[in-house]
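**Student:** Here's a structure for you.
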């Protein structure tokens, strides 16, 4: 249930076009619906501007399909993250209109296209191995109505690659930077631009990277201003934060 749909329903009741009992039937699952194994928050878009996101990891294919079905029945857009190929196959069998991004490990269904925000979010990754996390951030941003520019494979081992993208970095309202290994790229990018940078440490690297902890600590200890850091491999969290920043940027008078 999004604000526009709720307003249309209330106007329908006010104008006599919708029976109050029918309206009650449509509203009965607010603010949440108890599915037994999950309590689905249908009220979240009214509070936060985006429906609840399904975290697919650890859920069975049947559970994900059930949640997706109930979200659709309530007129909600769907975004599921960390979905295995098995889960994606099960969802597509029931909802063939769903879009599976295998790289991002996401499943999405658009019922009501979101309002497209002005400007864009740049999603940057240091290396090709970081692409799954970067793509999760990009898909999340797009689900919230952001235009995304993907800038891939510009790690610090070749700084000329970063400088070659400086124009697109300069013009972004906010930049998500995903990097593993020593996690230096967000600091380099933040030292070149005035936009806020959201750093995403990835679990890519050899033994002493400790599954992304080295990159996480490097990003938290950045000497560049304007860098915030999310959890290891948390492309979704970075995408949400980037979208909130871009939404605020769109509210600022020109």
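The values are calculated or read from the model by the stated rules, or taken from the named source; none is laboratory data. What you see is a predicted model; the values in this text were computed from it and never measured. We place every Cβ from the backbone using ideal geometry, glycine too, and count neighbours over all the protein chains shown.
**Student:** For the stretch 173-182, give me each residue that is within 21 Å of the chain's Cα centre (by Cα), over 15 Å from residue 136 (Cβ atoms) and surrounded by 24 or more Cβ atoms within 10 Å (Cβ to Cβ). Spell out how you get there, then give the answer.
**Tutor:** At the first step, the residues of the stretch 173-182 found to be within 21 Å of the chain's Cα centre (by Cα) are 173-180.
From what's left, over 15 Å from residue 136 (Cβ atoms): 173-175.
174, 175 - these are the residues of the stretch 173-182 that are within 21 Å of the chain's Cα centre (by Cα), over 15 Å from residue 136 (Cβ atoms) and surrounded by 24 or more Cβ atoms within 10 Å (Cβ to Cβ).
**Student:** With the requirement that a residue be more than 21 Å from residue 248 (Cα to Cα) and either assigned to a loop (DSSP other than H, G, I, E, B) or over 12 Å from the mean Cα position of the chain (by Cα) (or both), what does the stretch 104-123 give you? If you could, list the steps in order and put the result at the bottom.
**Tutor:** Initially, the stretch 104-123 is screened for residues more than 21 Å from residue 248 (Cα to Cα), giving 104-112.
Hits for the stretch 104-123 are 104, 105, 109, 110, 111, 112.
**Student:** Then there is this: For the stretch 81-100, how many residues are over 20 Å from residue 115 (Cα atoms) and either within 16 Å of the chain's Cα centre (by Cα) or modelled with pLDDT under 90 (or both)?
**Tutor:** Result for the stretch 81-100: 4.
**Student:** Which one of these is surrounded by fewer than 22 Cβ atoms within 10 Å (Cβ to Cβ) and closer than 29 Å to residue 83 by Cβ: 204, 213, 198?
**Tutor:** On the way: 204 fails: surrounded by fewer than 22 Cβ atoms within 10 Å (Cβ to Cβ); 198 fails: surrounded by fewer than 22 Cβ atoms within 10 Å (Cβ to Cβ).
On inspection, the qualifying residue turns out to be 213.
**Student:** Do you know which residues across the stretch 57-67 are closer than 23 Å to residue 141 by Cβ and either surrounded by fewer than 13 Cβ atoms within 10 Å (Cβ to Cβ) or at pLDDT below 95 (or both)?
**Tutor:** The answer is 57, 67.
**Student:** For the stretch 17-56, give me each residue that is crowded, with 17+ Cβ neighbours inside 10 Å, at pLDDT below 80 and assigned to a strand (DSSP E or B).
**Tutor:** Those that are crowded, with 17+ Cβ neighbours inside 10 Å, at pLDDT below 80 and assigned to a strand (DSSP E or B): 33, 40.
**Student:** Restricting attention to helices (runs of 4 or more DSSP H) lying wholly within the stretch 136-247, give those where 2 or more residues are in contact (Cβ under 8 Å) with a residue 60 or more places away in the chain. Break it down into steps so the answer makes sense when it comes.
**Tutor:** On the way: elements: 159-163, 166-171, 185-190, 213-220.
Those helices (runs of 4 or more DSSP H) span 185-190.
**Student:** If I ask for residues that are farther than 16 Å from residue 139 by Cβ and touching a residue at least 60 places away in the same chain (Cβ under 8 Å), which ones from the stretch 69-103 would you list?
**Tutor:** Matches in the stretch 69-103: 74, 75, 76.
**Student:** Could you tell me whether residue 85 is outside the structural domain of residue 238 (by TED's automatic domain parsing), more than 10 Å from residue 56 (Cβ to Cβ) and surrounded by fewer than 15 Cβ atoms within 10 Å (Cβ to Cβ)?
**Tutor:** The answer is yes for residue 85.
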